[in-house]
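> Before we start, here is the structure in question, set down as structure tokens.
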Amino acid sequence: MTQFHDFNFKLLVIEQLMYSDKTLAPTFDLGSHLVEQGLIKDDGDPAYAYTVRNGLSYQVVPIARNYFEALEISPELLATVEELLLDGGHSVYFHCSPIWDGEDDLYDVHSLDDLQLLPNLKHIRGADDFWPPEFLEVLRERGIATDG
């Protein structure tokens, strides 16, 4: 299976496939996963409660990290990705960090090495606002559009 180098880039791809396109299943829900694993009772908002009780605010919950790191995405499914969106409000971020406000660099992409895994990627929305000039240059060289 395909291996990603940058966890945060993989999360962008998962957001597109799992939460937007709904082609990567099953959809991961941290609260439901915690309840199913017997780690917490379903007391309204189990993901929030688990995060608070375990001092995991403003960081990736290890159970979610392990799930998403191990998640296999076929090359055929990766080939369906034509667009990515950079946005601090992604569902995947909520399921990784139920208590995160988007005001830090927790989900910043650090490498574009994984672009090669998305042969049909044509556009990254929000890149002009969030990515450094050297990343934008790589996108231009590869013919990947941004908003600017």
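The values are calculated or read from the model by the stated rules, or taken from the named source; none is laboratory data. Given the structure is predicted, the values throughout are model-derived calculations rather than measurements. Positions of Cβ are backbone-derived with ideal geometry, glycine not excepted, and every protein chain shown enters the neighbour counts. Surface areas here come from the heavy atoms of the whole protein model, side chains and all, with no ligands, DNA or RNA. Shrake-Rupley method; radii C 1.70, N 1.55, O 1.52, S 1.80 Å.
> Normalising by the residue count of the chain, find the relative contact order in percent from Cα pairs under 8 Å and 6+ residues apart. Display every interim value, and only then the final one.
Details: 182 pairs, mean separation 44.4, N = 148.
That works out to 30 percent.
> May I ask you to give the percent of accessible area on the chain that is carbon plus sulfur, with a probe radius of 1.4 Å? Mind showing how you got there, number by number?
Details: 3650 of 7890 Å².
Carbon and sulfur: 46 percent of the exposed surface of the chain.
> Still on this structure, please answer the following. Computed over the Cα atoms of the stretch 3-104, what is the ratio Rg over Rh, Rh following Kirkwood? All intermediate terms of the calculation are to be shown ahead of the outcome.
Values: Rg = 13.7 Å, Rh = 14.2 Å.
Ratio of gyration radius to Kirkwood radius: 0.97.
> Give the accessible surface of the stretch 1-63 per residue, rounded to a whole number of Å², with probe radius 1.4 Å and ligands, DNA and RNA excluded.
Details: 3310 Å² over 63 residues.
Accessible surface, normalised per residue, equals 53 Å².
> Would you kindly state how much longer the chain becomes between ASN54 and ASP129 on full extension, computed as 0.36 nm times their sequence separation minus their alpha carbon distance, in nm to one decimal?
23.7 nm
> How large is the accessible surface per residue of the stretch 107-148, computed with a 1.4 Å probe and reported in Å² as a whole number? Don't skip to the answer; put the middle values down first.
Working: 2460 Å² over 42 residues.
Spelled out: the 1.4 Å probe surface of the stretch 107-148, per residue, equals 59 Å².
> Which whole-number percent gives the relative contact order of the stretch 51-116, counting Cα pairs below 8 Å spaced six or more residues apart? Present the calculation step by step, with values, prior to reporting the outcome.
Working: 30 pairs, mean separation 33.9, N = 66.
In percent, rounded to a whole number, it is 51.
> Could I ask something else about it? Just going by the charge dipole of the chain, with Lys and Arg at +1 and Asp and Glu at -1 on Cβ, which of LEU112, TYR48, GLN37 is farthest out on the positive end?
The residue sitting most towards the positive pole is GLN37.
> Oh, and also: Treating only the Cβ of Lys, Arg, Asp and Glu as charged (+1, +1, -1, -1), what charge dipole size does the chain show about its Cα centre? Round to the nearest 20 debye. Kindly include the intermediate steps, with their values, before the conclusion.
Details: 9 positive and 27 negative charges, 78 e Å.
The dipole magnitude comes to about 380 debye.
> Taking R0 as 41 Å, what's the FRET efficiency between ALA79 and LEU106 from their Cβ-Cβ distance, rounded to 0.05?
Details: r = 29 Å, r/R0 = 0.70.
Taking R0 as 41 Å, the efficiency between ALA79 and LEU106 is 0.90.
> List the longest stretch of the chain that has no exposed loop site; here a site is one of the trypsin sites (Lys or Arg not before Pro) assigned by DSSP to anything other than H, G, I, E or B, with at most 15 other Cβ within 10 Å.
42-121
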